[in-house]
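Colleague: Pasting in a structure now, in structure tokens, and then I'll have a few things to ask.
Readers should treat all values here as calculations from the given coordinates under stated rules, not as data from a laboratory. A quick note: this is a predicted structure, and the numbers were derived from the prediction, not measured. Don't worry about glycine lacking a Cβ; one is built from the backbone with ideal geometry, like all the others, and counts go over all protein chains shown.
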Amino acid sequence: MDAAENSHQNTGTPPSRDAYTNAPDLHREIHQVLALDAERDGRQPQPATRPPTDATGDTAAAERARLLRRAALMDRIALDDPRPGPLAAAAETAEQLLLHDHRHPDQAAGPHHPDTTTPTPTHRSYVRQEYAAWTAAGRPGT
């Protein structure tokens, strides 16, 4: 268990076991996140049954859902494999989510707003907070 796993004790954010209780199977989520990244980058066409935005037409919300799922996926991988590579990937994707939420503060859903989030080396506790709030809200933006 790495230090980020216990960060919830200092920040009041949920521990990983609570944040990811309703998360899809890790292998399934890897496949889905890679498909979302490929669609976004134009390497794979978007399915005709799904528009390029979320249900409300908000491209920022759809992008946030992609960033959140990617950050949560990398966090989950780093929890299982706390070597430098997975830890760095988790930190980088968490930072990307936090930067997005600074630009779109209305999309943050957890109790700790991105502007008031206590700086941590990885921001992984912020990802857990936001993932838990996102799943509790019915996964908007997907």
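Colleague: Each label point is 7 Å from the Cα along the Cα-to-Cβ direction; what then is the distance between the points at residue 32 and residue 99, in nm?
Modeller: 2.6
Colleague: Moving on. Take the Cβ-Cβ distance between residue 113 and residue 25 as r, set R0 to 22 Å, and report the resulting FRET efficiency rounded to the nearest 0.05. Let's see the in-between values first.
Modeller: Values: r = 31 Å, r/R0 = 1.41.
After rounding to 0.05, the efficiency reads 0.10.
Colleague: A further question follows. If you count, for each residue, the other Cβ atoms within 10 Å and average over each peptide, how do 88-99, 69-80, 19-30 line up from highest to lowest? Let's see the in-between values first.
Modeller: Details: 88-99: 19.5, 69-80: 22.6, 19-30: 14.2.
Peptide ranking by packing, descending: 69-80, 88-99, 19-30.
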